[in-house]
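Taking it in order: structure first as structure tokens, then the write-up.
The values are calculated or read from the model by the stated rules, or taken from the named source; none is laboratory data. Nothing here was measured: the structure is a model prediction, and the numbers come from that model. With ideal geometry, Cβ positions are generated from the backbone for all residues, glycine too; neighbour counts draw on all protein chains shown.
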Amino acid sequence: MATKSNQIYIALLSLLISTTLFTVSCKDEEVDAEEENELITTVKLNFTSGGSTQSFKYSDPDGDGGKTPTIDAISLKPNTAYTLTVEVLDESKMPVGNITDEVKKESDEHLFVYTPTPSSLLTYSYGDKDTKNFGIGITGSAKTNVAGTGKLKVQLRHQPPINGKATKDGTPTPGSDDINIDFNVTVQ
Amino acid sequence: MKRKVFQYIILFLAPLLWAGGASAQDCDCFIQGIVQDDATKQPIFGAIVLIKELNKGVSTDAKGFYRISNICQGKYTVIGRIVGYEEKSYTISLEHGAEQNIKLSETEHHLANIDIKAQKIENLTQTKNTLQNATLDQTRGQSLGEALKQISGVTTLQSGSSIAKPVIHGMHSNRVLIMNNGVRQEGQQWGSEHAPEIDPFVAKKITVLKGASGVRFGSDAIAGVIMLEPDTLPDSTILKGEINSIYFTNGRQTVNSGIIEGGFNNSNAKKITKIPYSIGYRVQGTYKRGGDISTPQYRLANTGIEEINYSLSANYKRKNWISDMFFSQFNTKIAVFLGSHIGNVSDLIEAIRRGSPLAIYIPETFTYDIGRPYQDVHHNLLKIKNVIKNRNGVLSLTLGRQYDYRKEIDILRGDRNLIQLFKLTTYSSELIYEHKPILKLLTGSIGINSLYQENLTTGTITEPRSSTVLIPNFKNFTSGVFLIERIVRNNWEIESGFRYDIRHLNVYRIPRGGQNVVNNTQNNQNFSGTLGANYRPNAKWNFMANASSAWRAATVNELYSDGVHHGAASFERGNENLVPEVTLNLSFTANYVSKNFQAELHLYNNYINNFIFLSPTGRPALTIRGAFPEFLYTQTDSRFQGFDLNGIVQIIKHLSLNSKISYLKAQDLNNNQPLIQIPANRWENTLRYDWKKTSVSLTNLYVAKQNRIPKKIIFSDIPSSEIVFSEYGGDFAPPPAAYSLWSASASQQFAINTKQTLNISLTISNLFNTTYRDYLNRFRYFADEIGRNAAFRAKYSF
């Protein structure tokens, strides 16, 4: 017959063992900043014509939610050919993260799409090509027509390969939006 | 012979006295014995022992003794039952052949002496349904959620076909508590695309307790409790095991799981002075691998799964003492269908408009490869339990530690980007004292539970570094004390209990756009109660009525979400001012059992005050990725009412029909409209043919269209000019049409020798390759459900 003190001894012993087991596995943990997700806060459009550059920004430095984003209004001259370059940044970090470089590196799975409304507002053509000869849209040209107002939708379509098979086909259809913003445009 | 799992031990003392032969019409046989509590060895007074075939029963006297006399020769099923204990039935033969010449005198009888050792069950005034043995074997290889669909009233919330969460009476996630081997599962259950981090092969018995169970299990047990229990460990010198192999044609999935268990004791020791003890152990492991699954029309890209799990358990038993240790690890990698990756609401609307996924998302070639996006989940559980018995009762202490690691990897640029990372560590303890009957009338238990957890998603716990996480860092402490008492009489039981809980939540976060860490605290406390009765007027009927309450404090995602929920294409905002929701659950169950007919009707009415849910505002939320419909966490008073009806009719010998109906109506009482995302009503019929060790069945499942959906935006302070998304009450598409699915199954058992058995079965689900979509599958917007799937199962026990 087990004595009472024997039982208490076993109880204390197993409690001790369990406590040790429990605390051994408890150490201070940390999640590295590098493990955290990417954030696009800023899209900058640079229109260059005749040596002078105008920049327009869509900026949401605190990411989704929080403060409402600030969006510059685009103002362009009629019947003018502009060189249009785009910059994609993460301004929540110091130093500022440059996502354009990453898009350039993986140009086979990215496509910028510029859609003016009404479509007569300006004409966009791609000025760069990926390895498969599809446009990328980091550099291109925008030619304005007659004076008017409207919108310019800028999309970055992310079209990663599926099981090693490329999905980018030069059209916006595959993939999903990483950027989808509208600028107000005045041509005058 | 294989021991019946997880039921109480029956000590069958074979007929002690056969008093020779008798004439063919001899009806002087009798059966007698003692009914006693398996744990305490106390005789049970008032237990009913009956012979099923004759519907003849007696109840035990104060010494637990019973005797049924004047029985004719024959084969009988003897049932021992009392409220508060599990029922046990077994077969006994009261027949003889050879000695017919001997004349039986009046004092000689055919006699069987049977002592029944019954094991107490936790609750008998609430409805519970169990999967074990053959019904559990039939689900082997499936996820926990899929397996539980067998139980009426339980459905699933799915993200594709590999992620399934159990839904009880229309509620899921934080409202369904899962007790894994006696420890409450603490994973990332808040997320609708987070399946329970559990390997169902660990369990030999899965029980679903329907209805609020806040008193015994603490907060969150609003809709019900799912209990997974392994087999008891061996306590004699033995080595045995089981191997399960399953192959699913759809996705070419293989599942292999094995168990080896053994034990030894010193009962053979020569020295009498030695204290008897026994040791038992078990090693269990599962490996699962599947590739892209197919719908009737097309294959879905990136829908594979890989899972490696194992568990180790051991115990040490001596006279009044049991020490039990359990460790399990669950690791899974689940591919998420590529076509479900949604950039913003226009991507989603485009996907819905297309009807079926783009050609690139439905490849011709099959692969096992898991590409982005995918989920990478690990869950560890360590449990240590000690039980001490003495004259006055049983004291048990259960300690648990869980670590849950979840990585959700999206298809972002570069290889280093993760979308979300969660690390949740939980420590839990439970101390329970079960006292012996007071005044031979009142039995019950008193207990205290505590739980401490830490969630880490960014930086260190108290110093988060990023404001863009979905769930902030937090520390959570809850504790509760409870008392449950019951009075048990011959054929009725009354059970009552109450509980008091406190909860302290500390959140460390950087608000959007802020630079500094904000520390928010939430303190909640609550009383819960339960009152129930069970009445068993005779051997055929059993009635249960129960009123129970439970509560749940708002979780961190409900309080502080602020961002885009990818895949759901919604912008979700938490609400810091949410108060705990409290439920009052009224239920009534009638159960009828006779030789050729069994039926159970479960009626429920579940009021939830301050029910927390995500409701659309109809406004677009503007982000750099485009516009997302905005959803806010809000509260309303709600009512879930419905019934589950389950009936089995023995049509002719060997042939039976099982019919299950689940009906549910969930209403938002403040806004006077249905609640969103409630499972549709369903009716399932199975025709089953059993002959010896062979069984064949054919099943039809009919799922109605969910016509009860919200129609209006409930936020009255939002001007209608801002409402853009309101077409389907905030949903993106109307609920899918009703569907009817057929499945067929055949199984055969082989006895290799006395110890070894082999069970093989073939089940074909979605027999006619029907194309359908389910309202509670989040992928219903983009893709059809899984097509025909044949499962080959083999189970070898030794």
Is there a residue being surrounded by fewer than 17 Cβ atoms within 10 Å (Cβ to Cβ) and within 27 Å of B:N256 (Cα to Cα) anywhere in the stretch B:709-716? no
Which residues, taken from the stretch B:242-256, are on the phi > 0 side of the Ramachandran plot and either assigned to a strand (DSSP E or B) or buried (at least 20 other Cβ atoms within 10 Å of the Cβ) (or both)? B:G251
Just name the residue that is farthest from A:G66 (Cα to Cα) out of those in the stretch B:495-538 that are in a strand (DSSP E or B) and within 14 Å of chain A (Cβ to nearest Cβ). B:Y508
Taking into account only those residues within the stretch B:548-568 that are within 26 Å of the chain's Cα centre (by Cα) and polar (S, T, N, Q), which is nearest to B:I624 (Cα to Cα)? B:N557
State the number of residues belonging to the stretch B:39-78 that are in contact (Cβ under 8 Å) with a residue 40 or more places away in the chain and either in a loop (DSSP other than H, G, I, E, B) or touching a helix residue (DSSP H, G or I) at 6+ places or on another chain (Cβ under 7 Å) (or both). 12
Exactly one condition in (1) crowded, with 17+ Cβ neighbours inside 10 Å; (2) over 29 Å from the mean Cα position of the chain (by Cα); (3) not charged (D, E, K, R) is not met by B:S356; state its number. (1)
Could you tell me how many of the residues in the stretch B:750-773 are aromatic (F, W, Y) and farther than 17 Å from B:A737 by Cβ? 1
Quick test for you: out of B:I661, B:I651, pick the one residue that is more than 30 Å from A:D178 (Cα to Cα), part of a strand (DSSP E or B) and at pLDDT below 95. B:I651
Give me the pairs, please: first residue somewhere in the stretch B:558-586 and away from chain A (no Cβ under 12 Å) and on the phi < 0 side of the Ramachandran plot, second residue anywhere and buried (at least 19 other Cβ atoms within 10 Å of the Cβ) and among the acidic types (D, E), beta-carbon distance under 6 Å, and either six or more positions apart or on two chains. B:L578/B:E558
Given the conditions (1) touching an Asp or Glu at 6+ places or on another chain (Cβ under 7 Å); (2) surrounded by fewer than 23 Cβ atoms within 10 Å (Cβ to Cβ); (3) within 14 Å of another protein chain (Cβ to nearest Cβ), every one holds for B:L614 apart from (3)
Can you work out which of the residues in the stretch B:311-321 that are surrounded by 19 or more Cβ atoms within 10 Å (Cβ to Cβ) and under 26 Å from the mean Cα position of the chain (by Cα) is farthest from B:Y281 (Cα to Cα)? B:S311
State whether the residues of the stretch B:619-632 include one that is within 27 Å of the chain's Cα centre (by Cα) and either at pLDDT 90 or above or not in a loop (DSSP other than H, G, I, E, B) (or both). no
If you go through the stretch A:136-148 one residue at a time, do you hit one that is surrounded by fewer than 20 Cβ atoms within 10 Å (Cβ to Cβ) and free of Cβ contacts under 8 Å to residues at least 24 places away in the same chain? no
Are any of the residues in the stretch A:91-98 more than 11 Å from chain B (Cβ to nearest Cβ), of a type in the set (S, T, Y) and surrounded by 15 or more Cβ atoms within 10 Å (Cβ to Cβ)? no
Identity of the residue in the stretch B:135-177, over 24 Å from B:A554 (Cα atoms) and without any contact (Cβ under 8 Å) to a residue 40 or more places away in the chain, that ends up farthest from the chain's Cα centre (by Cα): B:T135
Selected residue (only one of A:T131, A:T123 is assigned to a loop (DSSP other than H, G, I, E, B) and more than 21 Å from B:E364 (Cβ to Cβ)): A:T131
For residues in the stretch B:536-587 being farther than 19 Å from B:A221 by Cα and basic (K, R), which is surrounded by the most Cβ atoms within 10 Å (Cβ to Cβ)? B:R536
Given the conditions (1) among the aromatic types (F, W, Y); (2) over 30 Å from B:K204 (Cβ atoms); (3) touching a residue at least 24 places away in the same chain (Cβ under 8 Å), and given that B:F792 satisfies all but one, which numbered condition is not satisfied? (2)
Criterion: under 30 Å from B:P629 (Cα atoms), at pLDDT 70 or above, more than 8 Å from chain B (Cβ to nearest Cβ) and not in a helix (DSSP H, G or I) - qualifying residue of A:F112, A:F47: A:F112
Being modelled with pLDDT of 90 or more and in contact with a Leu (Cβ under 9 Å, 6 or more places away or on another chain) is the filter here; which residues of the stretch B:380-395 pass it? B:L382, B:K383, B:I384, B:K385, B:N386, B:V387, B:I388, B:L395
Restricting to strands (runs of 3 or more DSSP E) lying wholly in the stretch B:688-798: which have 2 or more residues that are modelled with pLDDT of 90 or more and touching a Leu at 6+ places or on another chain (Cβ under 7 Å)? B:694-703, B:739-751, B:789-797
Take B:G480 and decide whether it is surrounded by 16 or more Cβ atoms within 10 Å (Cβ to Cβ) and closer than 30 Å to B:F65 by Cα. no
Starting from the stretch B:306-325, keep only residues that are more than 14 Å from every other protein chain (Cβ to nearest Cβ) and under 16 Å from B:G182 (Cβ atoms), then list their pairs with residues that are charged (D, E, K, R) and assigned to a strand (DSSP E or B) whose Cβ atoms are within a distance under 7 Å, requiring at least 6 positions of separation or different chains. B:S313/B:R282
Of the residues that sit in the stretch B:197-228 and are assigned to a loop (DSSP other than H, G, I, E, B) and not small (G, A, S), which one is surrounded by the most Cβ atoms within 10 Å (Cβ to Cβ)? B:I222
Any idea how many residues of the stretch A:58-107 are part of a helix (DSSP H, G or I) and not acidic (D, E)? 6
Picking from B:A590, B:A621, B:A666, B:A599, which residue would you name as being surrounded by fewer than 19 Cβ atoms within 10 Å (Cβ to Cβ) and either touching a Gly at 6+ places or on another chain (Cβ under 8 Å) or free of Cβ contacts under 8 Å to residues at least 12 places away in the same chain (or both)? B:A599
Between A:V154, A:V146, which is more than 14 Å from A:G175 (Cβ to Cβ) and in a strand (DSSP E or B)? A:V154
